[in-house]
Each structure stands twice: as structure tokens, then as C-alpha cells.
Amino acid sequence: MPDDLDGFVVSVVRTDADLLDALAVRMRVFVEEQGVPLELEVDATDREALARPDAVYLVGRLHGAAVATARLLFEPHGEPGAMPHIGRVAVLAEHRGRGFGAAIMRALHNEARARDARAVTLAAQLHAMPFYERLGYVAHGPVFLDAGIEHRDMDLALTPDTPA
Ligand code: COA
């Protein structure tokens with residue numbers, strides 16, 4: 001892991017301005033770069049993000065400018081007891097490979113632990129699987145399409161050994 005996180009700060013989204021910053025990163029990465037339709041990228045959870053006690057959104061800023069984001073849903077699809085679900089993990093292209101993605105994932109793991117979660121799950125785009133594997137995630141199940149992009153489910157047990 002590059003030790004180059006100077007000036008990169010991860011915080012929980014708490015204001016409209018924070019949320020707009022997080023969504024702006026997603027627009028750049030998922031809509032502009034990957035071609036995900038806007039109406040699929042922004043969902044009902046995003047529209048209620050600040051009011052939902054079951055959702056944690058993070059924004060990562062480099063010297064104050066938003067460059068990364070991710071979210072954690074504690075009751076994905078309204079299913080009580082389901083594993084918390086991480087999604088919308090994105091780092092602006094020009095800032096990749098500097099450990100920011102891993103840092104935002106570790107911050108989400110800590111948010112999950114703070115709410116007594118013992119594991120987290122996500123749907124990984126196939127190209128991103130090595131990134132999640134580096135963090136300890138294990139893939140299972142078949143490849144499936146979401147927004148026209150190939151994904152696989154991956155889980156991580158939040159044991160004391162999980163990278164903080
Ligand atoms: N393939 C292989 N390894 C990768 C990788 C990839 N695509 N992306 C990151 N890694 C590795 C890094 O080499 C690094 O390894 P190290 O610990 O040995 O140094 C580790 O994963 C952490 O990398 P990091 O620099 O923190 O990742 P990043 O800031 O570049 O962010 C993504 C990774 C996936 C979030 C970023 O590439 C991205 O935003 N992609 C576009 C959006 C996307 O596809 N999101 C995932 C949706 S499921």
C-alpha cells in the first residue's frame with residue numbers, strides 16, 4: 001500500500017454540500033467514465049441519504065477537494081438482518097493507485113464495526129475484484145449483470161484481523 005495519504009481525509013457525509021460532493025465523484029466515475037445511465041446511478045437511497053439512519057455515506061477529500069466516495073447500507077433492499085452492503089465505491093481516475101480507495105474501504109469497515117456488523121458484502125465489478133481481494137474479500141456465486149456491467153458478489157468477515 002503506498003504510504004502517500006498526506007492531505008487525504010475521509011469523513012461521513014452529514015450535509016447537503018457533503019452529499020453533493022460525493023455524488024459529483026460518482027457522476028464523474030460511473031456516469032461519465034463508465035457510461036452508467038444517470039437514472040440508475042442515483043437511486044431512492046441517495047435521494048433520502050441524509051435522513052436515513054441505515055445508510056452511511058463517506059466522502060474522501062484531497063486537500064479539500066472531493067476525490068473519492070462510497071456508501072454502506074445496513075438494511076439493503078429493506079431486509080432486516082441482511083449483511084450490510086457496500087456500494088458506489090469510486091476514486092477519480094487521476095487519483096487512483098495512491099491508496100485512497102483502500103482508505104475509504106477501511107473507514108467503511110470501521111463504520112460497520114461501530115454498529116456491531118460482523119461481515120459486509122458488495123457486488124464487485126469484475127475488474128475491481130483484485131482491489132477487494134487485497135482487502136480480504138472473498139467472491140462467491142455467479143457473474144451477473146448490473147447496469148450492463150459484469151459483477152460478482154464478495155463478502156468480508158470483520159474479524160479482529162481485518163485490516164482496520
Ligand atoms: N486491479 C488490481 N489491483 C488493484 C486494482 C485493480 N483494478 N485497483 C486497486 N488495486 C490494488 C492496488 O494496487 C493496491 O494494492 P497494494 O495494497 O498492493 O498497493 C490496492 O488494490 C489498493 O489500491 P488503491 O490505490 O487504494 O485503489 P484506488 O484508490 O485506485 O481505488 C477503485 C480502486 C476500484 C475504487 C478505483 O479503481 C475506481 O474508482 N474504479 C472505478 C470505479 C469502480 O469500478 N468502482 C468499483 C465498483 S465495484
| message | How charged is the neighbourhood of VAL12? Take every other residue with its Cβ under 13 Å from the Cβ of VAL12, and add Lys/Arg as +1 and Asp/Glu as -1. | response | +2
| message | Assuming 0.36 nm per residue, please report the length gained on full extension of the stretch GLU48 to ARG14 beyond their Cα-Cα distance. | response | 11.0 nm
| request: Scale the Cα Rg of the stretch 42-105 by the rule-of-thumb value 2.2 N^0.38 Å and send over the ratio, two decimals. | output: 1.22
| query | Using the Kirkwood formula over every pair of different C-alpha atoms, what hydrodynamic radius in Å results for the stretch 69-164? | reply | 13.8
| field | Ellipticity estimate at 222 nm from DSSP helix runs (n ≥ 4, -39,500 (n - 2.57)) divided over the chain, nearest 500 | value | -6500 deg cm²/dmol
| For the chain, what is the Kirkwood estimate of the hydrodynamic radius, computed as the reciprocal of the mean inverse distance between distinct Cα atoms, to one decimal in Å? | 16.0
| remark: If N is the residue count of the stretch 1-41, its Cα Rg over 2.2 N^0.38 Å rounds to 1.46
| the stretch 1-94: D in µm²/s via Stokes-Einstein (Kirkwood Rh, Cα pairs, 20 °C, 1.002 mPa s)? | 154
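Read-outs: derived from the displayed coordinates by stated rules, not from any lab. The shown structure was predicted, so the numbers you read here are calculated from the model rather than taken from an experiment. A quick note on method: Cβ atoms are made from the backbone with ideal geometry, for glycine too, and the neighbour counts reach across all protein chains shown.
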